[in-house]
1. Evaluate the following for residue 141: is it in a helix (DSSP H, G or I), under 30 Å from residue 264 (Cβ atoms) and within 14 Å of the chain's Cα centre (by Cα)?
2. Looking at residue 495, is it in contact with a Ser or Thr (Cβ under 8 Å, 6 or more places away or on another chain) and of a type outside the set (Phe, Trp, Tyr)?
3. Restricting to segment 456-501, what's the tally of residues that are exposed (fewer than 11 other Cβ atoms within 10 Å of the Cβ), among the β-branched types (Val, Ile, Thr) and at pLDDT 90 or above?
4. Give segment 269-291 a look and list any residue that's buried (at least 21 other Cβ atoms within 10 Å of the Cβ) and under 20 Å from the mean Cα position of the chain (by Cα), or say none.
5. Based on this model, can you work out whether residue 70 counts as among the β-branched types (Val, Ile, Thr) and modelled with pLDDT under 90?
6. Restricting segment 215-225 to residues that are touching a residue at least 40 places away in the same chain (Cβ under 8 Å) and part of a helix (DSSP H, G or I), which is surrounded by the fewest Cβ atoms within 10 Å (Cβ to Cβ)?
7. Keeping to segment 226-268, report how many residues are assigned to a helix (DSSP H, G or I), open to solvent by less than 60 Å² (accessible area, probe 1.4 Å) and not aromatic (Phe, Trp, Tyr).
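The values are calculated or read from the model by the stated rules, or taken from the named source; none is laboratory data. The model shown is predicted, which means the values in this text are computed figures rather than measured ones. As a convention, Cβ positions derive from the backbone with ideal geometry for all residues, glycine included, and neighbour counts pool all protein chains shown. Protein only, heavy atoms only, side chains kept; ligands, DNA and RNA dropped before computing areas. Shrake-Rupley method; radii C 1.70, N 1.55, O 1.52, S 1.80 Å.
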Amino acid sequence: MHQQTEMEEGNIKKRKESQNGSTGHSMDCQNKEKQPKATVLQKDVGLLSAICLIVGTMIGSGIFISPKSVLLYSGAVGPCLLIWAACGVLATLGALCYAELGTMITKSGGEYSYLSEAFGSHIAYLYSWTSVMVLKPSSFAIITLSFAEYASAPFYPGCTPPLLVTKCLSAAALFLIVTVNCLSVKLASYVQNFFTAAKLFIILVIVVGGMVMLAQGNTETFSNAFEGTSSSFGAIGLAFYNGLWAYDGWNQLNFITEELKNPFRNLPLAILIGIPLVSVCYVLVNVAYFSVMTSTELLLSPAVAVTFGDRVLHPLSWIIPLFVVFSTFGSANGSCFTAGRLAYVSGREGHMVKILSYISLKRYTPAPALILNGMLAIFYIIPADINTLINYFSFAQWVFYGLTALALIVMRFTRKELHRPVKVPIVIAGLMVVVSCYLVLAPIIEKPELEYLYCTIFIFSGLLLYYPFVHWKVNWARKLMRPITMHLQLLMEVVPPEKTE
């Protein structure tokens, strides 16, 4: 057949031979004890690492830097705290829907696999096109830019670090994180576990500090807590948007289902432990902030956690920026870990170039997919401001969340034969669809802007690539990609994953 397939098969065969030993006559008895690993992503992620992935990816810089956005749109302390709690409930309900989907369809790739199963190839492709090209790498870039701003701040006291320094440091962090993830799944998990422990430690410090301040009688901010509450339909929607941005990451575990040990147990258990833990942390941290700052002071603070540290932990206030650096680095690592799996699965299903579905022969990591995510993220840190881009594409993310919840409802009727170890009430999925519609439409109705139209055009422009290259599989594209794939395969020492039953 083709040179490429011959070479791929040869690589797999060669690997098996080298691991089985050069002597053929001792294979029967010895290899039963020491079987070579199949060239697939290994099940290396246990329950603790799964919880750390959820908690570590959800808790980034949002709770330390920008809780003021929720306060700004909600208008008062009382509704602000209620919105933080409600966002936690929503994230938990959404994740329960994902627990059912993840234990019913045990494929990695998160929403991509579920949309493909429920609605077919077109919707799944548009999701992978939008996420792989924009949502995942730009989110990765934003987290590393936050890391770079905090990491460089001590070297520029009293002024903002130069943009070039921030961007170079961000690029260095991207390179380091991608390298760690390409080297080993276990190493990436250890990094995630360490930084999750670090961010939970600093949250504990803030919460205890807040409790001490409350015990000393600093409760003025909580009197008349509902005075000035916003009654605007769109403003409440934007408050939820900003709160849910801090909770983003509740679906991360579904991107690595194939690498979970005992996913039927560990997936729902990690969700039920991780997300309520984050919700409690977020509400308590906000209460701690309000114990030392009024609403006005909190809105004027450039970095809320740092202001809290200056007032409560004065001699040791430097630990807050240090741990925010740890927090953002851990969140970026989790984002990279899961984003690579989406590109890997869409490549495996033929929706992206085939090389993205190849895995390292020695390290069992989806190196090409991880490298693509890193390269796109570096491209996104070059422009002056990508926050605007993220704001406009956030509505796209909630479109896909809503479609995924709808997929659960659809498959209750179209795929009744599928085994469901976890089964949530269909009302929860319906609620998620309604909430998603609200979060998509409210900001557009409140403040319609052309950028939303541009984002929609970009999403559907994926069909211009889908029909020739995926649906019709034009011959010239395959001929063009064959030598490129072969050379990249040799360069990165990657092979197609073996088919497992």
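1. On the way: in a helix (DSSP H, G or I): yes; under 30 Å from residue 264 (Cβ atoms): no; within 14 Å of the chain's Cα centre (by Cα): yes.
For residue 141, the condition - in a helix (DSSP H, G or I), under 30 Å from residue 264 (Cβ atoms) and within 14 Å of the chain's Cα centre (by Cα) - is not met.
2. Working: in contact with a Ser or Thr (Cβ under 8 Å, 6 or more places away or on another chain): yes; of a type outside the set (Phe, Trp, Tyr): yes.
When the stated conditions are applied, residue 495 passes them.
3. 1
4. Our first condition is that a residue be buried (at least 21 other Cβ atoms within 10 Å of the Cβ); within segment 269-291, this holds for 270-271, 274-275, 278-279, 281-282, 285-286, 288-291.
270, 271, 274, 275, 278, 279, 281, 282, listed by residue number.
5. Details: among the β-branched types (Val, Ile, Thr): yes; modelled with pLDDT under 90: yes.
Yes; evaluated as a whole, the condition is true for this residue.
6. 220
7. Initial filter on segment 226-268 (assigned to a helix (DSSP H, G or I)): 233-247, 252-259, 263-268.
Next, from what is left, pick out any that are open to solvent by less than 60 Å² (accessible area, probe 1.4 Å): 234-244, 246-247, 252-259, 263, 266-268.
Okay, now just the ones that are also not aromatic (Phe, Trp, Tyr), so 234-239, 242-244, 246, 252-254, 256-259, 263, 266-268.
Result for segment 226-268: 21.
Let's see how each residue does on (1) over 23 Å from residue 320 (Cβ atoms); (2) surrounded by fewer than 19 Cβ atoms within 10 Å (Cβ to Cβ):
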site: 121; (1), (2): yes, yes
site: 137; (1), (2): yes, no
site: 148; (1), (2): no, no
site: 153; (1), (2): no, yes
site: 181; (1), (2): yes, no
site: 185; (1), (2): yes, no
